[in-house]
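What follows is a short report on a single structure.
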Amino acid sequence: MKRKKSLVIIDEHRSIAEMLVWHLKDKQKLFSEAAVFSTINEIHPERHQELIGNSLILLQGHCYYPAERAFKTISRDFGDIPLILIDGQVRSTMVQLLIKYDLDGYLTFHDTLDELAEGIKQVIEGGKTLSQKVQQMVVFNGKQFELRAEYPYLLFFRLSCRERELLHHIVEGKNLEECSKLMGITSKSSDNLKTRLMQKLEVHSMRHLMLLGMKFKYGEDEIDPLFFTEDEKCYDLKCFSRYRPSQKKQS
């Protein structure tokens, strides 16, 4: 194994810090020292240069842009440092960050502490690491991480039949009130269904939901690229031409 490094954890809520410090530093003896920061702004280039320069960083990821900003700041101020994303669940936004910046790994708390330690040990030795959940979406091709060919379909198959039906109506241009009537449910039920749909597809607006639904239904080639903003292009997925939702039978 390569020389031990310092462990640096950036965790806004410090919810994982004590547990990881105890297990990785005190129990597994992977690190000689550890430091915890709530945000990237707490790290000062001059004061923490020696610590960060010899560290492996665990970044608790929640949202794309704060995590991206943290990574850019670390790269700018401290150079090339092993950085692993760690989160409570697999998020497509964090997968995008992993691939875009060729980070060293993405772990989740679906793994045991020993599995987390083993993954981090791989990065210390110069390798890459992925949680088992992340491996369902991402593969390392020997040079870099890339999405599995079947990954876009995994997003779709998260949905229940009712959620797929609602998505179909939204793509057809129906508002929630119209969706409620077509599906024979109350407005409150359709709103709750929409909320679950957005959570599963990890989108944050009706516009993004409609764009992703259009990709599911028609595939990329049928949608004018100029229709997307720069932020929305991060949702680019492979063609979903196999999916053709059937029309609801008229009674």
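For residues that are touching a residue at least 24 places away in the same chain (Cβ under 8 Å), over 19 Å from the mean Cα position of the chain (by Cα) and surrounded by fewer than 20 Cβ atoms within 10 Å (Cβ to Cβ), tally how many sit in segment 49-67. The qualifying residues number 4. Give me the residue from segment 94-122 that is of a type in the set (A, V, I, L, M, F, W, C) and more than 16 Å from Lys29 (Cβ to Cβ) and, out of that set, nearest to the chain's Cα centre (by Cα). The extreme case among them is Met94.
Among the hydrophobic types (A, V, I, L, M, F, W, C) and surrounded by fewer than 21 Cβ atoms within 10 Å (Cβ to Cβ): does that describe Ala70? No, not satisfied. Annotation: Gln89 fulfils all but one of (1) closer than 26 Å to Asp114 by Cα; (2) at pLDDT below 85; (3) in contact with a helix residue (DSSP H, G or I) (Cβ under 7 Å, 6 or more places away or on another chain); the unmet one is (3). The residue that is modelled with the lowest pLDDT, among those in segment 168-201 that are assigned to a loop (DSSP other than H, G, I, E, B) and touching a helix residue (DSSP H, G or I) at 6+ places or on another chain (Cβ under 8 Å), is Lys174.
The values are calculated or read from the model by the stated rules, or taken from the named source; none is laboratory data. As the structure is a prediction and not an experimental result, all values here were calculated from the model. No Cβ is skipped: glycine too gets one built from the backbone with ideal geometry, and neighbour counts run over all protein chains shown.
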